[in-house]
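Engineer: Once you've had a glance at the structure underneath, I'll fire off some questions.
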């Protein structure tokens with residue numbers, strides 16, 4: 001079973017058994033070997049215990065307990081021994097430093113903060129620039145002008161005292177070329193092509209007007 005990471009977030013000191021389980025991303029249990037309730041410790045946890053013993057230095061604390069001192073065997077003739085309690089644990093900081101050093105941190109979520117455990121959010125794409133459509137229209141307009149100039153007078157038309165590409169003729173020529181190249185032109189009429197070419201010419205005209 002996976003650990004309850006939130007429940008362990010506030011714990012700063014871990015026993016050997018708990019540290020080994022959590023480092024294996026397993027919720028610590030009371031491993032029982034009795035015949036009536038056989039629940040042995042997983043081999044992966046045993047192996048992690050051996051690893052921690054070698055690679056991570058635990059903290060050992062000795063505390064003197066109040067009360068009567070332990071009496072040694074009177075036949076040994078030694079002075080009374082103080083009652084001392086020894087506790088060994090692994091600090092969270094030491095476990096994290098070891099996990100980072102050995103490249104294991106991502107596999108040990110209990111050492112991460114709640115924020116670090118959050119799945120990374122997808123970075124927004126670059127998006128489409130506001131002037132991308134205008135730039136495309138201008139490019140189409142330039143290509144239309146180039147094609148009309150190369151094809152000669154039949155691709156030009158005079159209107160209102162000004163001459164420009166005959167967009168209908170250019171659109172039909174483009175459709176013919178597309179068909180010859182095997183491009184799918186279903187739904188792409190000469191009129192729709194002409195409208196796109198007209199947008200290109202309009203963009204070029206706007207830019208010319210805006211020039212100093």
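Engineer: Just one of 138, 115 is part of a helix (DSSP H, G or I) and at pLDDT 80 or above; which is it? Step through it out loud before you land on a result.
Structural biologist: Values: 138 fails: at pLDDT 80 or above.
The match here is 115.
Engineer: Out of the range 143-183, which residues are in a loop (DSSP other than H, G, I, E, B) and surrounded by 10 or more Cβ atoms within 10 Å (Cβ to Cβ)? Give the derivation first.
Structural biologist: First, pick out the residues of the range 143-183 that are in a loop (DSSP other than H, G, I, E, B): 152, 160-161, 166, 181-183.
166, 183 - these are the residues of the range 143-183 that are in a loop (DSSP other than H, G, I, E, B) and surrounded by 10 or more Cβ atoms within 10 Å (Cβ to Cβ).
Here's the yes/no breakdown for (1) farther than 30 Å from residue 64 by Cβ; (2) at pLDDT 75 or above; (3) in the same structural domain as residue 52 (by TED's automatic domain parsing):
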site: 90; (1), (2), (3): no, yes, yes
site: 122; (1), (2), (3): yes, no, no
site: 142; (1), (2), (3): yes, yes, no
site: 146; (1), (2), (3): yes, yes, no
site: 164; (1), (2), (3): yes, yes, no
site: 171; (1), (2), (3): yes, yes, no
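The values are calculated or read from the model by the stated rules, or taken from the named source; none is laboratory data. The shown structure was predicted, so the numbers you read here are calculated from the model rather than taken from an experiment. Cβ atoms come from the backbone with ideal geometry, glycine included; neighbour counts cover every protein chain shown.
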